[in-house]
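The values are calculated or read from the model by the stated rules, or taken from the named source; none is laboratory data. Remember, it's a predicted structure, so these values are computed and weren't measured experimentally. Heads up, the Cβs are rebuilt from the backbone with ideal geometry, glycines too, and the neighbour counts pull from every protein chain shown.
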């Protein structure tokens with residue numbers, strides 16, 4: 001969600017500040033009956049005697065990259081035991097040279113990296129544009145018509161989202177002017193006074209819209225960050241505005257630009273050969289590891305070191321597999337990332353990414369089957385489009401699809417896959433995050449996904465939100481189960497998580513709707529929210545079936 005989202009609300013609605021109550025950094029570590037939606041993390045560490053004595057578990061984070069030197073992650077990074085760092089050799093013979101902490105499938109042989117990339121819709125549009133832009137539909141064959149329908153859908157998506165980005169950019173430019181005026185008014189009002197919450201609350205702005213706007217913005221930053229210095233808050237506000245301007249300009253220039261393709265000049269693989277596996281480089285951090293570092297930190301930030309955040313799981317080793325650019329991931333890279341993680345001992349793979357189009361789903365399906373064969377559990381974020389995944393397909397997904405001509409038909413569902421939606425911080429009608437995708441058939445469980453505090457690059461920390469944050473919560477629960485009960489299979493771990501949820505009986509607001517409500521059970525398979533304490537209790541009563549022992553910690 002846009003950093004400037006709250007400012008947009010303030011500018012156009014001039015509402016009073018709401019939800020200013022402080023939310024604890026570890027708000028979901030408590031219990032379900034607490035004020036904030038808890039999943040029982042603290043209860044596990046307080047009451048399960050064996051929690052500190054588990055077996056180490058490798059969790060692969062397929063993402064944008066991880067800051068592996070981060071003060072809260074370095075000790076918990078996976079280190080390839082068969083590789084000698086920096087000697088320029090593939091010591092363990094796995095096909096990847098100097099893969100100390102993982103591998104980067106969107107890097108080049110010269111050490112360069114893909115940062116920006118297009119969305120899959122733009123690639124599909126670009127791929128079919130010259131074939132179908134001026135086609136006579138009546139003359140198309142049956143297979144061509146199937147392609148044409150995909151082309152039309154992609155084109156509509158690209159044009160719609162490009163226009164949306166242009167409109168957002170115009171809105172932010174307007175906002176920037178209004179915010180500048182508002183802070184000029186606040187500068188004059190503050191004078192030599194020191195900014196405090198008490199001073200701000202006592203400030204009467206009822207007759208001054210500009211001052212009201214500045215007060216509301218500052219209140220939000222005071223509530224949602226540790227920063228209390230006025231000038232630093234002001235600087236951050238304008239940095240956030242600039243960041244959003246860059247974000248929407250990038251959507252226009254790169255994300256939805258069908259002519260933009262950095263692949264050939266950077267990665268230099270044979271992109272059309274989806275069976276190709278050995279390409280990329282060992283830079284598992286990449287140009288911007290914010291997303292992947294945060295996701296990895298939710299799973300395994302070092303516990304008990306008095307640093308900025310606590311991971312949910314102990315006894316984990318984080319493997320960084322970089323396959324997600326600033327844009328949509330490519331199916332070839334996702335498939336290879338899954339295979340790499342499996343071959344190098346990952347027992348759990350977190351995938352906090354997704355898209356609306358897929359050009360080579362069968363390649364990803366084969367990788368998912370490979371993971372299933374090797375007893376690896378896949379955890380995937382449901383997406384942030386406030387859509388029903390039962391009606392609109394989100395990729396990748398657990399459904400193996402059989403292609404008949406140019407039409408995909410559902411065949412079978414992967415049993416080693418958990419699809420995760422995002423929760424808000426409190427129970428009630430708005431407990432589902434307003435952006436979260438959902439689906440009674442396609443989304444398995446919900447987990448905390450708002451204001452999740454975790455590491456970001458440079459030994460920093462931040463609260464981020466998205467189903468991207470909810471997915472690693474579940475991955476961490478799975479890691480705790482596999483650590484405590486290593487004989488349980490991937491399917492058994494999924495069973496323990498699914499059958500131990502805290503059930504929600506009440507009606508909730510459907511994401512994307514302001515007023516429409518439905519039973520929580522209509523939004524996911526399990527009808528509840530994950531509960532790590534219950535999951536471990538459930539797992540303790542299961543008889544393990546696992547025989548595989550692959551990879552090294």
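Using the structure shown, decide if residue 287 is more than 23 Å from residue 475 (Cβ to Cβ), outside any helix (DSSP H, G or I) and either touching a helix residue (DSSP H, G or I) at 6+ places or on another chain (Cβ under 6 Å) or free of Cβ contacts under 8 Å to residues at least 24 places away in the same chain (or both). Criteria not met by residue 287. Pairs linking a residue in the stretch 358-381 that is at positive phi to a residue that is buried (at least 17 other Cβ atoms within 10 Å of the Cβ) and in a helix (DSSP H, G or I), with Cβ atoms under 6 Å and 6 or more positions apart or on different chains, are 375/490.
Just one of the listed residues (297, 327) is in the same structural domain as residue 85 (by TED's automatic domain parsing), buried (at least 23 other Cβ atoms within 10 Å of the Cβ) and more than 21 Å from residue 476 (Cα to Cα), namely 327. Within the stretch 505-536, the set of residues being at pLDDT below 95 and either under 25 Å from the mean Cα position of the chain (by Cα) or at positive phi (or both) comprises 512, 513, 514.
For residue 302, the stated conditions hold: it is within 15 Å of residue 76 (Cα to Cα), touching a helix residue (DSSP H, G or I) at 6+ places or on another chain (Cβ under 6 Å), assigned by TED's automatic domain parsing to the domain that holds residue 88 and surrounded by fewer than 22 Cβ atoms within 10 Å (Cβ to Cβ). The set of residues in the stretch 537-553 being over 22 Å from residue 60 (Cβ atoms), surrounded by 14 or more Cβ atoms within 10 Å (Cβ to Cβ) and either in contact with a helix residue (DSSP H, G or I) (Cβ under 6 Å, 6 or more places away or on another chain) or modelled with pLDDT under 95 (or both) consists of 538, 542. Only residues that are part of a loop (DSSP other than H, G, I, E, B), touching a strand residue (DSSP E or B) at 6+ places or on another chain (Cβ under 9 Å) and touching a residue at least 12 places away in the same chain (Cβ under 8 Å) were counted across the stretch 513-547, and they come to 7.
Within the stretch 136-143, one or more residues are touching a helix residue (DSSP H, G or I) at 6+ places or on another chain (Cβ under 8 Å) and either assigned by TED's automatic domain parsing to the domain that holds residue 356 or without any contact (Cβ under 8 Å) to a residue 12 or more places away in the chain (or both).
Take the conditions (1) surrounded by 16 or more Cβ atoms within 10 Å (Cβ to Cβ); (2) in a helix (DSSP H, G or I); (3) more than 25 Å from the chain's Cα centre (by Cα); residue 169 misses just one of them, which is (3).
Within the stretch 38-70, which residues are modelled with pLDDT of 95 or more, surrounded by 17 or more Cβ atoms within 10 Å (Cβ to Cβ) and assigned to a loop (DSSP other than H, G, I, E, B)? Residues satisfying the conditions are 38, 39, 40, 56, 64, 65, 66, 67, 68, 70.
Being over 30 Å from residue 122 (Cβ atoms), within 26 Å of the chain's Cα centre (by Cα) and buried (at least 17 other Cβ atoms within 10 Å of the Cβ) holds for only one residue in 200, 222, 213, 190, and it is 222. Within the stretch 71-79, is there a residue that is in contact (Cβ under 8 Å) with a residue 40 or more places away in the chain, surrounded by 17 or more Cβ atoms within 10 Å (Cβ to Cβ), in a helix (DSSP H, G or I) and touching a helix residue (DSSP H, G or I) at 6+ places or on another chain (Cβ under 9 Å)? The answer is yes, given that some residue of the stretch 71-79 is in contact (Cβ under 8 Å) with a residue 40 or more places away in the chain, surrounded by 17 or more Cβ atoms within 10 Å (Cβ to Cβ), in a helix (DSSP H, G or I) and touching a helix residue (DSSP H, G or I) at 6+ places or on another chain (Cβ under 9 Å). Within the set 75, 71, 35, the sole residue that is under 26 Å from the mean Cα position of the chain (by Cα) and outside the structural domain of residue 455 (by TED's automatic domain parsing) turns out to be 35.
Taken over the stretch 241-262, the criterion of being in a helix (DSSP H, G or I), out of contact with any helix residue (DSSP H, G or I) (no Cβ under 8 Å at 6 or more places or on another chain) and either on the phi > 0 side of the Ramachandran plot or crowded, with 19+ Cβ neighbours inside 10 Å (or both) is satisfied by 254 alone. Only strands (runs of 3 or more DSSP E) whose full extent lies in the stretch 373-490 are considered here, and the ones with at least 2 residues that are surrounded by 17 or more Cβ atoms within 10 Å (Cβ to Cβ) are 377-381, 399-404, 417-423, 445-448, 452-456, 460-464.
Can you say whether residue 277 is in contact with a helix residue (DSSP H, G or I) (Cβ under 9 Å, 6 or more places away or on another chain), assigned by TED's automatic domain parsing to the domain that holds residue 79, at pLDDT 95 or above and in a helix (DSSP H, G or I), as far as the supplied structure shows?
So residue 277 fails the test.
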